[in-house]
Amino acid sequence: MVTARGLFITVEGGEGAGKSTNIACIQAYLESRGVDLVVTREPGGTRLGEDIRAVLLRPREEPVVPMAELLLLFAARAQHLQDVIQPALHAGKWVICDRFTDASYAYQCGGRGMPAAAVRALETLVQGELRPDYTLLLDAPVATGLERVRGRGELDRFEREELAFFERVRDTYLQLARESSGRYHVVDASQPLDAVQARIEEICAELFACWAPRHPVAK
Ligand code: Z5A
């Protein structure tokens, strides 16, 4: 796919699937080919978004109503789109975003049981027509991901969820990938890191090969 603006690529996956690790690999690969890009994350990416992230991740005694959680995520997303994502795309940069709205379908609908119609309505309200061009889903069994991250200290509010919650999140991601197979690239993230990164570089090479002919600045 070739667009006049930069490409909007999102990276999704369950806990410990390797999103942060592999985004560094994507960034290195694309920058070495002259792609001007912005790496960002959700929830977060702006000062307001990072404040909302801290609120969302902090464990609290009162149960958080799923609708409140969803609205906070979209509040952060609105600021992120306005301040970071849209300006970068319009300047011709690629945006690599660690999680985006598919995470709301996976966690708030799949995990928490919110109706997909609620996310769809907010998606239209906040994003207009903007959707990711490509989504890389790092898929691994829940136990594998949890094992990778559970040694890292105090658990955040999401990490305290039961196994079944993460299984529903994974199932929802895989369902989204089946429904949007043209946009999604699913990578088996349970493989050793060098195998995962080799596959990710192949995917980046395909995207770059589609985009580069229209953009002579790229090497
Ligand atoms: N959330 C939501 O509910 N709704 C939304 O709309 C959005 C988000 C946008 C924070 O996200 C929470 O926000 C998230 C969902 C919710 N909560 N959860 N769960 P986050 O993305 O910041 O949180 P995270 O998923 O917990 O990120 P993470 O735990 O840091 O995972 P990661 O970035 O995917 O993994 P990593 O840090 O790259 O790797 C973890 C470790 O595994 C590390 O030591 C690596 O060296 C190792 N690793 C990575 N790959 C491999 C392979 N292939 N083999 C062996 N070891 C590996």
Scanning the stretch 177-205 residue by residue, those within 12 Å of the ligand (Cβ to nearest atom) and open to solvent by 50 Å² or more (accessible area, probe 1.4 Å) turn out to be D188, S190, Q191, P192, L193, D194, A198, R199
Which of the numbered conditions does I9 fail, given that it passes all the others? Conditions: (1) touching a strand residue (DSSP E or B) at 6+ places or on another chain (Cβ under 7 Å); (2) of a type in the set (V, I, T); (3) surrounded by fewer than 22 Cβ atoms within 10 Å (Cβ to Cβ).
(3)
Which number in (1) within 10 Å of the ligand (Cβ to nearest atom); (2) farther than 27 Å from L163 by Cβ; (3) out of contact with any Gly (no Cβ under 8 Å at 6 or more places or on another chain) marks the one condition that N22 misses?
(2)
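Please verify whether L155 is in a loop (DSSP other than H, G, I, E, B) and either open to solvent by 40 Å² or more (accessible area, probe 1.4 Å) or of a type outside the set (A, V, I, L, M, F, W, C) (or both), treating the condition exactly as stated. Steps first, answer last, please.
Details: in a loop (DSSP other than H, G, I, E, B): yes; either open to solvent by 40 Å² or more (accessible area, probe 1.4 Å) or of a type outside the set (A, V, I, L, M, F, W, C) (or both): yes.
Yes: the conditions hold for L155.
With respect to P66, is the statement that it is within 22 Å of R148 (Cβ to Cβ) and surrounded by fewer than 22 Cβ atoms within 10 Å (Cβ to Cβ) true?
Details: within 22 Å of R148 (Cβ to Cβ): no; surrounded by fewer than 22 Cβ atoms within 10 Å (Cβ to Cβ): yes.
No: the conditions fail for P66.
State whether the residues of the stretch 10-32 include one that is assigned to a loop (DSSP other than H, G, I, E, B) and either out of contact with any helix residue (DSSP H, G or I) (no Cβ under 9 Å at 6 or more places or on another chain) or farther than 24 Å from Q175 by Cα (or both). Walk me through it before giving the result.
First pass over the stretch 10-32, keeping only residues assigned to a loop (DSSP other than H, G, I, E, B): 14-18.
Among the residues that remain, those that are also either out of contact with any helix residue (DSSP H, G or I) (no Cβ under 9 Å at 6 or more places or on another chain) or farther than 24 Å from Q175 by Cα (or both) are: none.
No, there is no match, as no residue in the stretch 10-32 is assigned to a loop (DSSP other than H, G, I, E, B) and either out of contact with any helix residue (DSSP H, G or I) (no Cβ under 9 Å at 6 or more places or on another chain) or farther than 24 Å from Q175 by Cα (or both).
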Does G92 satisfy being open to solvent by less than 40 Å² (accessible area, probe 1.4 Å), more than 13 Å from the ligand (Cβ to nearest atom) and on the phi > 0 side of the Ramachandran plot?
yes
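Filtering the stretch 158-176 down to residues that are near the ligand (Cβ under 8 Å from one of its atoms) and not β-branched (V, I, T), which residue is modelled with the highest pLDDT?
Restricting attention to the stretch 158-176, the residues satisfying the condition of being near the ligand (Cβ under 8 Å from one of its atoms) are 158-159, 161, 166, 169.
Still in the list and also not β-branched (V, I, T): 158-159, 161, 166.
Details: F158: 95, E159: 92, E161: 95, F166: 98.
That would be F166.
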Checking L174 against (1) surrounded by fewer than 18 Cβ atoms within 10 Å (Cβ to Cβ); (2) over 17 Å from the mean Cα position of the chain (by Cα), only one condition comes out false. Which one?
(2)
Out of all the residues in the stretch 111-145, which are open to solvent by less than 20 Å² (accessible area, probe 1.4 Å), within 10 Å of the ligand (Cβ to nearest atom) and assigned to a helix (DSSP H, G or I)?
G111, V119, G145
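The values are calculated or read from the model by the stated rules, or taken from the named source; none is laboratory data. These numbers come from a predicted model, not from an experiment. All Cβ positions, glycine included, derive from the backbone under ideal geometry; neighbour counts span all protein chains shown. What goes into the accessible areas is simple: the full protein's heavy atoms, side chains included, and nothing from ligands, DNA or RNA. Shrake-Rupley method; radii C 1.70, N 1.55, O 1.52, S 1.80 Å.
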